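Colleague: Before I ask anything, let me first share the structure, which is written out below as structure tokens.
Each value in this text was obtained by applying a stated rule to the coordinates, not by laboratory testing. If you're wondering where the values come from, they're calculated on a predicted model, not measured in any experiment. Methodologically, a virtual Cβ is constructed for each residue, glycine included, from the backbone with ideal geometry; neighbour enumeration extends over all protein chains shown.
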Amino acid sequence: MQQLTCDTRVKVAVRASDPISATGIAGQLRLRPDILLVDEDDVASAEVAVVLTDEVDPEAVRSVRALQREGCRVVMVVAKLDDAGLFAAVEAGASGIVRRSDARAELLSKAVMSAAHGDGAVPPDLLGRLLDQMSRLQRNVLAPRGLSLNGFSQREVDVLKLLGEGWDTSEIATKLAYSERTVKNVIHDITTRLQLRNRSHAVAYAVRAGII
């Protein structure tokens, strides 16, 4: 009796406005035994989409977001990448970024497999630039407004930490020198903004997100 086998290869679609570049990238990926290329028209079946673009412009960002709505993780192959483009790619949700000049089979497949497993892949020098941008954003834009990169203000984090330790509203108010109304408003803002059911749900969310 013939045994059924399960194809464990990662399904990948390649998308580019330039068909010659798309063919070149597809040719690189086709060499890898753990990758199965699918037609661009069949992108809904792909686990990862490789998007080729000259730069991270608004059209490229829209493409990344549209592919994510299809359920794809996205690796961007970019010809020209400045700091603004790097930040825009990450903000759009790209799982991996590869310079077109570096887009050889080994590096491409590594980025694709990392994306397929839910990890990110950014060249080390770009990662340093990205971290520097995030540091400047936190220092110059968010911190003066009492915000952080995780989207929570310091006051919200303080309240969530005490909620997680089992403190009630009056105890939190006394500990943080706030009124009880202020504490209630903070909790209400968090649960409403994130569409959480109650205080326990808010604490669970904060723990999963690494906020507390």
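Colleague: Suppose R0 equals 35 Å; then what is the FRET efficiency for Arg208 and Leu31 from their Cβ-Cβ distance, rounded to the nearest 0.05?
Modeller: Working: r = 39 Å, r/R0 = 1.10.
After rounding to 0.05, the efficiency reads 0.35.
Colleague: A follow-up question, please. Below 8 Å between Cα atoms, with a sequence gap of 6+, how large is the relative contact order for the range 1-103 in percent? Please report the intermediate quantities before stating the final value.
Modeller: Details: 166 pairs, mean separation 24.9, N = 103.
Here the relative contact order equals 24 percent.
Colleague: Going by average Cβ neighbours within 10 Å, how do the peptides 115-121, 18-24 rank, with the highest at the top? Don't skip to the answer; put the middle values down first.
Modeller: On the way: 115-121: 15.9, 18-24: 12.6.
Top of the packing list down: 115-121, 18-24.
Colleague: I would also like to ask the following. For Ile211, what charge total do you get from the other residues with a beta carbon under 12 Å from its beta carbon, if Lys and Arg give +1 and Asp and Glu give -1? List each step's numbers first, then the result.
Modeller: Working: positive: Lys161, Arg208; negative: Glu156, Asp158.
The answer is 0.
Colleague: A follow-up question, please. What number comes out for the charge environment of Asp189, summing +1 per Lys or Arg and -1 per Asp or Glu over other residues with Cβ under 11 Å away?
Modeller: Local net charge: +2.
Colleague: Further question on the same structure: I need the phi-derived Karplus couplings for the range 163-175: 6.51 cos²θ - 1.76 cosθ + 1.60, θ = phi - 60°, integer Hz, Gly and Pro marked x.
Modeller: Coupling constants for the range 163-175: 4, x, 8, x, 6, 8, 4, 5, 5, 5, 4, 5, 4 Hz.
Colleague: Report the FRET efficiency, 1/(1 + (r/R0)^6), for Lys175 and Ser200, where r is their Cβ-Cβ distance and R0 is 22 Å, rounded to 0.05.
Modeller: On the way: r = 19 Å, r/R0 = 0.88.
After rounding to 0.05, the efficiency reads 0.70.
Colleague: Next up: Starting from the amide H of Ala79, placed 1.01 Å from N in the peptide plane, find each other amide H under 5 Å away whose residue is 5 or more places distant or on another chain.
Modeller: Thr53, Asp54, Glu55, Arg100
Colleague: Additional query: For the pair Ala84 and Thr182, how long in nm is the line joining their label points, each one 7 Å along Cα→Cβ?
Modeller: 4.0
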